[in-house]
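Notes for the one structure printed next.
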Amino acid sequence: MVQEEPGSILRIYPDHETAQLLFTTDTHAHIRERLQQVGVRFEHWSTDTELTPGASEEDVIAAYARDIDRLVQEEGYQSIDVVSLNTDNPKKAELRQVFLREHRHSEDEVRFFVAGEGLFSLHIDNKVYEVLCLQGDLISVPANTPHWFDMGDNPGFIAIRLFNNPDGWVANYTGNPIADRFNRLEN
């Protein structure tokens with residue numbers, strides 16, 4: 001039996017009670033199965049190319065061109081970019097707050113973590129699905145799904161983002177303060 005490296009984690013809570021854990025797993029197959037039940041795509045890609053925050057967008061996209069091309073063919077994505085943040089970014093606190101408020105997108109939000117980590121929290125069917133994504137994880141949050149993202153106080157990640165919208169990342173904030181009650185990424 002092949003053991004998976006520990007890391008990625010799924011935790012599910014009722015949306016009204018952060019102390020009541022309904023489900024948790026750190027196995028990629030179980031994370032994928034549980035998220036599929038609510039329409040969320042979760043994959044784990046090989047990350048053989050070593051890239052660090054600050055790598056050029058062209059180098060990052062070229063390193064994963066085969067997998068990106070597959071997704072573009074499957075889903076028709078129109079634009080691709082790379083977000084790379086590290087602890088030296090002078091706007092890290094400001095950017096963190098932008099992503100921490102519950103919001104929706106009119107299209108799927110697709111992220112592939114080339115390096116580092118991030119915590120996606122999805123508000124679906126009166127539950128909150130917290131997904132700790134690590135290097136190699138791809139998550140696709142369905143259009144109009146309320147969610148928020150935490151990169152922590154000291155971000156250190158590179159993520160490839162794919163969009164159906166040529167304008168890229170456009171958030172529609174819900175005004176719901178739910179994100180204030182849930183876990184943050186501690187790094």
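Among the residues of the stretch 158-187, write down those that are modelled with pLDDT of 90 or more and hydrophobic (A, V, I, L, M, F, W, C).
Within the stretch 158-187, ILE158, ALA159, ILE160, LEU162, ILE178, ALA179, PHE182, LEU185 meet the criteria.
Anything in the stretch 1-27 that is surrounded by 15 or more Cβ atoms within 10 Å (Cβ to Cβ), at pLDDT 95 or above and not polar (S, T, N, Q)? List them, or say none.
Residues satisfying the conditions are ILE9, LEU10, ARG11, ILE12, TYR13, ASP15, ASP26.
Looking only at residues in the stretch 128-139 that are out of contact with any Asp or Glu (no Cβ under 6 Å at 6 or more places or on another chain) and not aromatic (Phe, Trp, Tyr), which one is nearest to ARG111 (Cα to Cα)?
Across the stretch 128-139, the extreme among qualifying residues is ILE139.
Within 20 Å of VAL38 (Cβ to Cβ) and either outside any loop (DSSP other than H, G, I, E, B) or within 14 Å of the chain's Cα centre (by Cα) (or both): does that describe LEU185?
Criteria not met by LEU185.
If the requirement is being buried (at least 19 other Cβ atoms within 10 Å of the Cβ), in contact (Cβ under 8 Å) with a residue 24 or more places away in the chain and among the acidic types (Asp, Glu), which of these qualifies: ASP153, ASP137?
Going through ASP153, ASP137 in turn, the sole match is ASP137.
Looking at the stretch 121-148 only, could you name the residues that are of a type in the set (A, V, I, L, M), under 25 Å from ASP48 (Cα atoms) and in contact with a helix residue (DSSP H, G or I) (Cβ under 9 Å, 6 or more places away or on another chain)?
VAL131, LEU138, ILE139
Among (1) out of contact with any Lys or Arg (no Cβ under 9 Å at 6 or more places or on another chain); (2) at pLDDT 95 or above, which single condition is LEU95 missing?
Among (1) out of contact with any Lys or Arg (no Cβ under 9 Å at 6 or more places or on another chain); (2) at pLDDT 95 or above, the lone unmet condition for LEU95 is (2).
When only residues in the stretch 65-92 that are surrounded by fewer than 16 Cβ atoms within 10 Å (Cβ to Cβ) and either of a type in the set (Lys, Arg) or in contact with a Lys or Arg (Cβ under 6 Å, 6 or more places away or on another chain) (or both) count, which is farthest from ILE139 (Cα to Cα)?
Among those residues, the one meeting the criterion is LYS91.
What number of residues within the stretch 41-60 are in contact with a helix residue (DSSP H, G or I) (Cβ under 9 Å, 6 or more places away or on another chain), of a type in the set (Val, Ile, Thr) and crowded, with 17+ Cβ neighbours inside 10 Å?
Within the stretch 41-60, residues that are in contact with a helix residue (DSSP H, G or I) (Cβ under 9 Å, 6 or more places away or on another chain), of a type in the set (Val, Ile, Thr) and crowded, with 17+ Cβ neighbours inside 10 Å number 1.
The values are calculated or read from the model by the stated rules, or taken from the named source; none is laboratory data. Source: prediction; values computed, not measured. Using ideal geometry, Cβ is built from the backbone for each residue, glycine included, and neighbour counts are taken over all protein chains shown.
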